[in-house]
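The structure under discussion appears below in the form of structure tokens.
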Amino acid sequence: MSEVNQWRTGIKSPMKFTLQSTAPETQTRGFFVALTHEEALKSLQNTYKINGLDATLATTQFKAGFNDTLPLIEKIAAYPNALLIGLGDLAELKAAKLAKLAQSVIKTVNTKFQHIVLDISALPVELHYLFALSLTQANYSFNEFKSKKTETLLERIDLIATSTTLDADQLSLIEALASGQGLARDLGNRPGNICFPEYLAEQAKALAAEFPDLLKVSVLDEQQMADLGMNAFLAVSKGSARPGRLITLEYNAQLEQAPVVLVGKGVTFDTGGISLKPAQGMDEMKFDMCGAASVLGTMRTLCESRLPIHVVGAVAAAENMPSDKATRPGDIVTTMSGQTVEILNTDAEGRLVLCDTLTYIKRFNPSVVIDIATLTGACVVALGKVVSGLFSPDDELALELQHAGEDAFDRVWRLPVMDEYQELLDSPFADMANIGGPHGGAITAACFLQRFTQDYRWAHLDVAGTAWLSGTAKGATGRPVPLLVQFLANRVKANA
């Protein structure tokens, strides 16, 4: 088995949902969960005939406070195993709390049951979609490289809701989104000795082979990029024994509409190059390709959901390594656009692979272009791990992305790309430098990219703070796949 194909393990089967207005009358297997608040307990009692509920509530002092749990063993005839989870004060229940509720559900059942019934009638209807999405995100696990694996069993959730805004199409989109976000997380979590530029190209080809009627893939090698004058891209990849690749995936090419183009930074490992990073925490630089992973995850979601929209994904895949062939600080390169760049810091490499890719994708005549990149530590300092940075000179496009982020609870915060910041990129020797000094680093990085996007509508997402978590919860989040999918779904709806 080749090294590239060794870890192509396939996509896990996504969790499936059904939606019903009432629970099945007979169900002696599986698990029952109900979300509730104090005022809804009586309704639960009437619906499910919970034996001795009043006595149990008195004994346990269960008040259905937020995320409080109450196991019910042999209390409901049809469900020997049951659990109540409190919603607390509904006036204080926000989308940010749904992840904790979902984790409580999944933690209880995913290693024990394949199928559960989940009553969400007490949850405000406007939160039903996000809660179902949160369940899929909580159900993710990654133990690919462990010799002893913890098996997750949960495959199906029957949602019970007396009233809901959910429908079959939304549940189908959530299932497809779970698959795509799971792919993005898997790719991000795989180490650099497994997931390198050629590997990402193979994953794209495998996706196209799975959906040949929907997806076309092309891959440029380094010689082809050199022939196109992509010297900024090659200034990064030439330091590594792993050659760079520019991967494009075109979805629904037959549609007669200008495509949305998604461009992902795919630096599969970032040492910083000659401008070497400190050793502490460098292992997390395997996550520097999470922008590319989000593009591949979005393309999988599109293929599974079959959204009627024309989309092109472009992945700028390279590895940034120090070697005798690596770019030196102070080197000057000519980009595909003809503009020249003085590379003052080889650790500002993402913008170098992206700028040539942003020039290359003009051939698709895009309606809009969105690039996604774990681009700057400065964005993490500014926004932390909560929201992604959004940069665009286009107010309408920025507003579309902001609304999509709210809809999918994968939020962004807009930062400026003003002309006054551009002068920080001035170089005495080239058209521009690749860094703009110690101040406003996320902004000057966006300003650098803006110089290569004058021919189309463009937005930049800096996901350096949101694409992965550190510490005990270390791992890829799959963001901003939910945002991107929602953005595309909203455009489909607007054009219907």
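The values are calculated or read from the model by the stated rules, or taken from the named source; none is laboratory data. Computed from a predicted model, the values in this text were never measured in an experiment. Cβ: placed from backbone, ideal geometry, glycine included. Neighbour counts: every protein chain shown. Accessible surface is based on the protein model in full, side chains and every heavy atom, while ligands, DNA and RNA are left aside. Shrake-Rupley method; radii C 1.70, N 1.55, O 1.52, S 1.80 Å.
Share of carbon and sulfur in the accessible area of the chain stands at 51%, probe radius 1.4 Å. Counting only protein heavy atoms and using a 1.4 Å probe, the accessible area of Arg306 comes to about 130 Å². Take each peptide in 107-116, 258-267, count the other Cβ atoms within 10 Å of every residue, and average; sorted highest first, the result is 258-267, 107-116.
Taken as Cα centroids, the range 305-354 and the range 243-280 sit 9 Å apart, rounded to the nearest whole angstrom. Compared with the dominant principal axis of the Cα atoms in the chain, helix 290-305 is inclined by about 50°. Pull out a ≥ b ≥ c, the square roots of the eigenvalues of the alpha-carbon gyration tensor of the range 312-376, then state rounded if a/c is under 1.5, prolate if not and a/b is larger than b/c, and oblate in the remaining case. Because a/c hits 1.5 or more and a/b exceeds b/c, the range 312-376 counts as prolate.
These residues, Met282, Met15, go from largest to smallest accessible area, 1.4 Å probe, as Met282, Met15. Using a probe of 1.4 Å on the protein chains alone, the accessible area found for His403 is around 100 Å². Heavy atoms of the protein chains alone define the surface here; on that basis the chain has 42 Å² accessible area per residue at 1.4 Å probe size.
Computed from Cα atoms, the angle from the helix 350-360 axis to the main principal axis of the chain rounds to 80 degrees. Using the Cα coordinates of the chain, the gyration tensor eigenvalues translate into equivalent-ellipsoid semi-axes of 45, 22, 21 Å, sorted from longest to shortest. The residues Asp426, Asp54, Asp167, sorted by heavy-atom accessible surface at 1.4 Å with ligands and nucleic acids left out, run Asp54, Asp426, Asp167 from largest to smallest.
Taking Cβ atoms as reference points and 10 Å as the exclusive limit, the residues near Leu214 contribute a net charge of -2, counting Lys and Arg as +1 and Asp and Glu as -1.
Where only DSSP H runs of four or more residues are counted, the chain gives -10000 deg cm²/dmol as its mean residue ellipticity at 222 nm, each run worth -39500 (n - 2.57). Remark: spin-label model distance Lys205-Glu126 equals 4.9 nm, labels positioned 7 Å along the Cα→Cβ axis.
Along the chain, the exposed loop sites are GluC sites (Glu not before Pro) outside DSSP states H, G, I, E and B with at most 16 other Cβ atoms within 10 Å, and the longest stretch free of them is 257-496. Under Stokes-Einstein, with the Kirkwood radius over Cα pairs as Rh, the value for the range 244-367 at 20 °C and 1.002 mPa s is 136 µm²/s.
Per-residue extension of 0.36 nm, minus the Cα-Cα distance of Lys49 and Lys63, leaves a gain of 3.2 nm for this segment. Taking every protein chain into account, the 1.4 Å probe leaves Val386 with about 90 Å² of accessible area, to the nearest ten.
Computed from Cα positions, the angle between helix 197-210 and the longest principal axis of the chain comes to roughly 50 degrees. Placing a pseudo-label 7 Å from each Cα along the Cα-to-Cβ vector at Leu228 and Thr472 gives an inter-label distance of 4.6 nm.
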